[in-house]
Amino acid sequence: MSKRNYTFWFCVGSQDLYGEDCLRRVAEHAQAMVKEINAAGDLPFPLVFKPVLISAAHIHQTFVDAAADRDCAGIITWMHTFSPAKSWIAGLKANRKPLMHLHTQFNEEIPYDDIDMDFMNENQSAHGGREYGHMVTRMGLARKVVAGHWQNPQVRQRLASWMRTAVGIVESSSLRVLRVSDNMRNVAVTEGDKVEAQLKFGWEVDAWPVNELAQAVDAVSQADTEALVDEYYETYDLILDGRSKDEFRRHVAVQAQIELGFERFLVEKDYHAIVTHFDDLGALKQLPGLAIQRLMMKGYGFGAEGDWKTAAMVRLMKLMTSDIKGAKGTSMLEDYTYNLVPGKEGILQAHMLEICPSLAQGKPAIRCQPLSMGSREDPARLVFTSKTGPGTAVSLIDLGHRFRLIIQAVNCTKVEKPMPKLPVATVLWTPEPDFYTGVEAWILAGGAHHTAFSYDLTVEQMVDWAEHMGIEALVIDQHTSIRSLKQDLMLGQAYYR
Ligand code: MN
């Protein structure tokens, strides 16, 4: 999905006050840590040891070099000894990468029998970390702070999780969204300021006439199309709903041709996310359903009805989770209908067609069914029910003068009964902290009906992403009450205006 083999620079701060021997040991410790952490195998990307930083000039040069290295996705700083923080000002001012302060020390336990003043001077991150942290706070820079012993698996897990956030941050600056036609008429929440989004997030959002894509679809050969249909037939179940086999296959082939045509267009023009609109299909024979589901599965972002913000977030969240083995899935979703039976409350998530099959529990099936909206032939789509468990749904909204990212923790559950007449993929979830508070909070926050959802990302990761982008992150999770949410909204209104 991403073309880069990302690395993270491990930069250790010290000073020359304690002599050469001490600095040599600092470097040895840092190298041993990098080696062991990398060898543990639970980080998605390698740490790269950098020579110990002791002077302002060297620190500045290191940040400048990192900025120029397109594979460097972040800088992890650690103060082994006391590193006077004025030495970090020029470097931190030049920083362009996601920044972490790993607040750790080499030894886990105080060496009670042997500890002396030399040991304390050499191992004083409790002291040095505060000097450095003070400066980053004074400069008002976004950074992640993780405290704990570096051999603790939980610390490594937090490192891993932040690395994925950092990838979402660096990839954001080169994200390109292809928008087929414009916004659905009269719809507010899918709109937004694309210029401001490019300034804030780095996203390039371009509109293309639908018929230029239709031409790319038309150019796909029948042989290529039929080969992809064969692949579909090997991968998915088929539900014919009484159609003849030949007619069914003809419908499916339309989607295969769209998938290939769209993908070639996206690759040629270097776009990473796509937005379609059911009301503007030009010469396309069907609303792209199965085709879009397959493209999402391959890592493309998607938003419907002109929703470029959701398309971009889906793409980023797919990048942030692309290294996870056994990932449960990431997709665009839409809040559709409620179950309000007491004790069984939930929100049925679906869309007209376009839910990523990465969410599927079991093998998806292809169906061809009419749409109640749109004016083309019955589109083929994948239907399935989804995995259960916790997940995170986000909605990026444009408030007119700024963006807000609403981040909602949800719990996905099994749909109580089959829904044989509903020919779309679904997810059922209950928001945190409980259905009613979660739904009321979402409405008060101004959240959209479209979301970007992942089973594999946490609220913390999305909050860190938003913080780095300099936008408000509004969290709805197990700690939320309506009173606390209203205070968060007021604070955000004052702080980000
Ligand atoms: Mn929609």
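The values are calculated or read from the model by the stated rules, or taken from the named source; none is laboratory data. All values reported here derive from a predicted model rather than from experimental measurement. With ideal geometry, Cβ positions are generated from the backbone for all residues, glycine too; neighbour counts draw on all protein chains shown. For the accessible areas, the whole protein counts, side chains as well, though only heavy atoms, and no ligand, DNA or RNA atoms are used. Shrake-Rupley method; radii C 1.70, N 1.55, O 1.52, S 1.80 Å.
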Which distance in Å, rounded to a whole number, links the C-alpha centroids of the range 302-371 and the range 89-149? 41 Å
Pull out a ≥ b ≥ c, the square roots of the eigenvalues of the alpha-carbon gyration tensor of the range 25-133, then state rounded if a/c is under 1.5, prolate if not and a/b is larger than b/c, and oblate in the remaining case. oblate
Note down the magnitude of the dipole of the chain about its Cα centre, charges +1 on Lys and Arg C-beta and -1 on Asp and Glu C-beta and zero elsewhere, to the nearest 20 debye. 540 debye
Gyration tensor (alpha-carbon) shape descriptor, the range 272-380, a/c threshold 1.5: oblate
Is the chain best put as rounded, prolate or oblate by its Cα gyration tensor, with a ≥ b ≥ c the root eigenvalues, rounded for a/c under 1.5, and otherwise prolate when a/b is larger than b/c, oblate when not? prolate
Hey, what number do you get for the chain at 222 nm if only DSSP H runs of n ≥ 4 count, each worth -39500 (n - 2.57), divided across all residues, to the nearest 500? -12500 deg cm²/dmol
Given 0.36 nm per residue, what is the gain on full extension from residue 94 to residue 40 after removing their alpha carbon distance, in nm? 16.2 nm
Only loop residues by DSSP count here, and only those with at most 12 other Cβ atoms within 10 Å; note down the trypsin sites (Lys or Arg not before Pro) in the range 1-49 that meet that. 3
Qualifying GluC sites (Glu not before Pro) for the range 405-466 [loop in DSSP, other Cβ within 10 Å: at most 16]: 416
Putting +1 on Lys and Arg Cβ atoms and -1 on Asp and Glu Cβ atoms, find which of 349, 436, 393 reaches farthest to the positive end of the dipole of the range 347-464. 349
Pull out the extension gain between residue 120 and residue 200, defined as 0.36 nm times the separation in residues minus the alpha carbon to alpha carbon distance; nm, one decimal. 24.4 nm
DSSP loop chymotrypsin sites (Phe, Trp or Tyr not before Pro) with at most 14 other Cβ within 10 Å excluded, longest remaining stretch of the chain: 113-495
Added length on full extension, which subtracts the Cα-Cα distance from 0.36 nm per residue, residue 419 to residue 361: 19.4 nm
Near-label residues of the range 62-88 by backbone N, under 20 Å of a point 7 Å along Cα→Cβ of residue 110: 80-82
Considering only protein heavy atoms, with the full assembly of protein chains and a 1.4 angstrom probe, order 81, 337 by accessible area, largest first. 337, 81
Tilt of helix 245-269 relative to the longest C-alpha principal axis of the chain, in degrees (0 to 90, nearest 10)? 40 degrees
Pairing the Cα long axis of helix 56-68 with the longest principal axis of the chain, what angle in degrees results, from 0 to 90 and rounded to the nearest 10? 20 degrees
Taking a threshold of 19 Å on the Cα-Cα distance, which of the pairs 245/387; 93/144; 269/298; 144/328; 3/318 fall above it? 245/387; 144/328
